[in-house]
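Notes for the one structure printed next.
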Amino acid sequence: MPLSVPLFSTNRRRVLITGFEPFQGGKTNPSWEGVRSMNAARIEKKHNITLFRMEIPVRYDAVDKLVPQMWQWYQPDLTIQVGLNAELQTFMVEKMARKRYCWTLDLKDKNVVNPAGTEDELYTTLNVDTICEKFINHKCCNEQPTLAWPSEDAKSYVCEYTYYTSLSLQNRSATLFVHVPNTIYSTKQLAQGLERILELCLEQLPEQNNDDYTCFQDFIPKDETNDNGYSN
């Protein structure tokens, strides 16, 4: 039995933000580049939160393994999952995820085996319309304004499956999925746009719970087939 070694203890709200690994021959994935470029120290201080970031493989089996582990390990008050949609011109904030019966094959040409959840559709209880209305014309420094629009079609790929799996877990009210465009925005714009969305989500959360939470070493989520760990 592994030794339980405390990694961190916090009484602040915990926020988990995820992006995806590169796929389809790309060297990078804008979803993860935006997430990892967020200024964690400044965000934590400004919003009095503990921020965690994790990169997820573009595989259904990895989602099945890692998503439940992440919820167990981080026990987040808010989770924002970020994925790429190369057809977009703006941020797209997803209201819901569907339980598809025909999913697009992942990078390993594999399909979903046993999808989590029993409902055909699952919605976040975060008010996506309000988030998008307040986000409109968010400007990153001297660059052009960024926009965000609500969506009810997260597509039938690993992005939507990740969202559906997360919403099927107990704390579904604190989960959101955001699609980002490929080349329209700079990495800096993506990072600051995601911070703005995080801020708007925090506005909708209940008052902060000051109970201490300690994370232990043996809870660390890891994709053993890809040696994917965590990033703080």
So, in nm, how far is label residue 119 from label residue 203 when the simple model puts each one 7 Å beyond its Cα toward the Cβ? 2.5
Order by neighbour count: 152, 21, fewest other Cβ atoms within 10 Å first, most last. 152, 21
Ordered by number, the trypsin sites (Lys or Arg not before Pro) in segment 1-93 that occupy a DSSP loop and have at most 15 other Cβ atoms within 10 Å are 27
Report, in cubic angstrom per residue, the convex hull volume of the C-alpha atoms of segment 12-205. 108
Once you have the Cα-Cα distance between residue 75 and residue 129, take 0.36 nm times their residue separation minus that, and quote the gain in nm to one decimal. 16.8 nm
Under 20 Å between alpha carbons - lysine pairs in segment 12-205 that sit 8 or more apart or on different chains: 17
When the chain is fully extended, how far beyond the present Cα-Cα distance does residue 87 get from residue 39, taking 0.36 nm per residue of separation? 14.6 nm
Starting at the first residue of segment 86-98, write each ³J(HN,Hα) from the Karplus equation 6.51 cos²θ - 1.76 cosθ + 1.60 with θ = phi - 60°, in whole Hz, x for Gly and Pro. 5, 7, 7, 10, 9, 5, 10, 9, 8, 7, 7, 9, 9
If we sort 86-92, 160-166 on the protection proxy, mean other Cβ atoms within 10 Å, highest first, what's the order? 160-166, 86-92
Ranked on Cβ counts within 10 Å of their own Cβ, fewest leading, 15, 112 go 112, 15
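The numbers here are math on the coordinates, done by the rules we state, and not lab data. Keep in mind that this is a model prediction, so the values were computed, not measured. Note that we place each Cβ from the backbone using ideal geometry, even for glycine, and neighbour counts take in every protein chain shown.
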